[in-house]
Amino acid sequence: MHTGLQGSLFAESEAPELRPLREVRRTRLAHGAWVDVLPGWLAGADTLFEHLVSTVPWHGERRQMYDRVVDVPRLLSFYTEHMPLPDPILTEARDALSAHYAEELGEPFSTAGLCYYRDGRDSVAWHGDTIGRGATEDTMVAILSVGAPRNLVLRPRGGGESVKYPLAHGDLIVMGGSCQRTWEHAIPKSTHATGPRISIQFRPRGVR
């Protein structure tokens, strides 16, 4: 399958490999929220992207929007805690995140939600992961980004200045503390020529 992915500056044909999580850097946000970022956490990210595009059982969804039903502007796939992940490096990533954040999170990351943004027209609107325990408890959502660069934007619930995180090949962002309850995040549409991207969201049990 030809994905139209423009590779990163360095041609990545090597097998995917993770960098140490000790290099992650934290930014404290308001209301008890925080964000950890590690650019290039995954080397060989383009190789993983191509593998996921061709092997993951992607599907579209439709959603009620006011008085009509519309297509969700991205493709999706969800792996429960009992399902094998579509590539061994994702199992390694989930285990590494669980070990690194064990003291703060108090439980492992257990599920993986995948979103396939095919071009700049695909997006996700402002939201927090508040289905389940995330509506009332502090939790974490860790996102590994592979494919073309896209911006993830956060803003406080109720209004305030937004914060933009450009995510590129193999970058990691972890939203923790009260982030899902007190902040919202989005992947806006892009008016520029934008290649495809996949995000892999690792979450604890009972958080969506």
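The values are calculated or read from the model by the stated rules, or taken from the named source; none is laboratory data. Just so we're clear, the structure is a prediction, and the values are computed from it rather than from any experiment. Here the Cβ positions follow ideal geometry from the backbone for every residue, glycine too, while neighbour counts run over all protein chains shown.
Can you tell me which of (1) farther than 25 Å from Asp71 by Cβ; (2) among the aliphatic types (A, V, I, L, M); (3) in contact with a Lys or Arg (Cβ under 6 Å, 6 or more places away or on another chain) is the one Leu154 doesn't meet?
So Leu154 meets the others, but not (3).
If we keep just the residues of the stretch 155-182 that are under 20 Å from Pro204 (Cβ atoms) and over 12 Å from the mean Cα position of the chain (by Cα), which is surrounded by the fewest Cβ atoms within 10 Å (Cβ to Cβ)?
Thr182
I'd like to verify a number: residues in the stretch 18-36 that are under 16 Å from Cys179 (Cβ atoms), buried (at least 17 other Cβ atoms within 10 Å of the Cβ) and either of a type in the set (A, V, I, L, M) or at pLDDT below 95 (or both), how many?
Selection size over the stretch 18-36: 4.
State all residues of the stretch 110-136 that are in contact with a helix residue (DSSP H, G or I) (Cβ under 8 Å, 6 or more places away or on another chain) and of a type outside the set (Ser, Thr, Tyr); if no residue qualifies, say none.
Ala112, Leu114, Gly128, Asp129, Gly134, Ala135
Is it fair to say Pro149 is under 23 Å from Val56 (Cβ atoms) and surrounded by fewer than 21 Cβ atoms within 10 Å (Cβ to Cβ)?
Answer is yes for this residue.
Among Ile131, Ile143, which is the only one that is among the aliphatic types (A, V, I, L, M) and touching a Ser or Thr at 6+ places or on another chain (Cβ under 7 Å)?
So the residue among Ile131, Ile143 that is among the aliphatic types (A, V, I, L, M) and touching a Ser or Thr at 6+ places or on another chain (Cβ under 7 Å) is Ile143.
Between a first residue in the stretch 39-58 that is within 22 Å of Leu97 (Cβ to Cβ) and in a helix (DSSP H, G or I) and a second residue that is among the basic types (Lys, Arg) and at pLDDT 95 or above, which pairs have beta carbons less than 9 Å apart while being 6 or more apart in sequence or on different chains?
Between residues of the stretch 39-58 that are within 22 Å of Leu97 (Cβ to Cβ) and in a helix (DSSP H, G or I) and residues that are among the basic types (Lys, Arg) and at pLDDT 95 or above, the close pairs are Phe49/Arg197.
Considering Gly176, Gly206, Gly195, which residue is in contact with a Gly (Cβ under 7 Å, 6 or more places away or on another chain) and at pLDDT 95 or above?
Gly195
Looking at Asp122, Asp95, can you tell me which residue is in a helix (DSSP H, G or I) and either at pLDDT 95 or above or over 25 Å from Pro156 (Cβ atoms) (or both)?
Of Asp122, Asp95, the one residue that is in a helix (DSSP H, G or I) and either at pLDDT 95 or above or over 25 Å from Pro156 (Cβ atoms) (or both) is Asp95.
Go through the stretch 161-189 and report how many residues are of a type outside the set (Val, Ile, Thr), out of contact with any Lys or Arg (no Cβ under 7 Å at 6 or more places or on another chain) and more than 20 Å from Val56 (Cβ to Cβ).
Here the count works out to 15.
Just one of (1) at pLDDT below 95; (2) exposed (fewer than 15 other Cβ atoms within 10 Å of the Cβ) trips up Gly134, so point out which.
Answer for Gly134: the failing condition is (2).
Based on this model, can you work out whether Val124 counts as under 22 Å from Gly60 (Cα atoms), out of contact with any His (no Cβ under 6 Å at 6 or more places or on another chain) and β-branched (Val, Ile, Thr)?
Yes: the conditions hold for Val124.
Counting only residues that are outside any loop (DSSP other than H, G, I, E, B) and of a type in the set (Gly, Ala, Ser), how many does the stretch 148-164 have?
The qualifying residues number 0.
Could you please find all residues in the stretch 148-170 being over 16 Å from Pro196 (Cβ atoms) and of a type in the set (Lys, Arg)?
Those that are over 16 Å from Pro196 (Cβ atoms) and of a type in the set (Lys, Arg): Arg155, Arg157, Lys164.
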